[in-house]
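Down below is the structure, laid out as structure tokens.
The values are calculated or read from the model by the stated rules, or taken from the named source; none is laboratory data. Just so it is clear, the structure is predicted and the values come from calculations on it, not from any experiment. Reconstructed Cβ throughout: ideal geometry from the backbone, glycine too, with neighbour counts over all protein chains shown.
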Amino acid sequence: MEKAPNDLPNLLKDISIIILDIEGTTTSIAFVKEVLFSYVLREVGQHLETTWLTEETKKDVAALKRQNEDDVAAGVSGVVMWPDNNEMEVVIPFLVSNVCDMVEQDRKVGPLKTLQGHMWSRAYQQGTIKGQ
């Protein structure tokens, strides 16, 4: 049986989690741009170096590589091809440039958003970023 929209207690009865888009909802849009995005631009290299061997970062890097390959194949303007050498010392500087370009272009691609989310989660847990 469908629940009536005005029956709020019953609508919420089976809900265990609510996901909100914070931008402009729980936090100002300025916070997202000035704090969250600038954090990624400033810290992506350090984040990758610190977490390089974790499964999470390995998955993030693999997804960013696939995104790069897709972007190159699609002829996305300004995209530089992934380096042939997959050593950390080569890939991290490439990714810093690539991620910063995507952030500055405000690209809405899954691998970028996932990396940003992982970076922000870690920063919130460490107290590096605090909500406003």
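If you check Lys108 against the conditions, is it surrounded by 12 or more Cβ atoms within 10 Å (Cβ to Cβ), out of contact with any helix residue (DSSP H, G or I) (no Cβ under 9 Å at 6 or more places or on another chain) and basic (Lys, Arg)?
no
Could you pull out the residue among Lys33, Lys65 that is without any contact (Cβ under 8 Å) to a residue 24 or more places away in the chain and buried (at least 16 other Cβ atoms within 10 Å of the Cβ)?
When all the criteria are applied, what remains is Lys65.
Looking at this structure, is Glu56 surrounded by fewer than 16 Cβ atoms within 10 Å (Cβ to Cβ), touching a residue at least 60 places away in the same chain (Cβ under 8 Å), charged (D, E, K, R) and part of a helix (DSSP H, G or I)?
Yes, satisfied.
How many residues are surrounded by 11 or more Cβ atoms within 10 Å (Cβ to Cβ), at pLDDT 75 or above and in a loop (DSSP other than H, G, I, E, B) when one looks only at the range 18-30?
Summing the residues that are surrounded by 11 or more Cβ atoms within 10 Å (Cβ to Cβ), at pLDDT 75 or above and in a loop (DSSP other than H, G, I, E, B) in the range 18-30 gives 1.
Yes/no per residue for (1) over 27 Å from Glu34 (Cα atoms); (2) modelled with pLDDT of 95 or more; (3) aliphatic (A, V, I, L, M); (4) not in a helix (DSSP H, G or I):
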{"residue": "His47", "(1), (2), (3), (4)": "no, yes, no, no"}
{"residue": "Ser77", "(1), (2), (3), (4)": "no, no, no, yes"}
{"residue": "Pro83", "(1), (2), (3), (4)": "yes, yes, no, yes"}
{"residue": "Ile92", "(1), (2), (3), (4)": "no, yes, yes, no"}
{"residue": "Leu95", "(1), (2), (3), (4)": "no, yes, yes, no"}
{"residue": "Val99", "(1), (2), (3), (4)": "no, yes, yes, no"}
{"residue": "Pro111", "(1), (2), (3), (4)": "no, yes, no, no"}
{"residue": "Arg122", "(1), (2), (3), (4)": "no, yes, no, no"}
{"residue": "Gln125", "(1), (2), (3), (4)": "no, yes, no, no"}
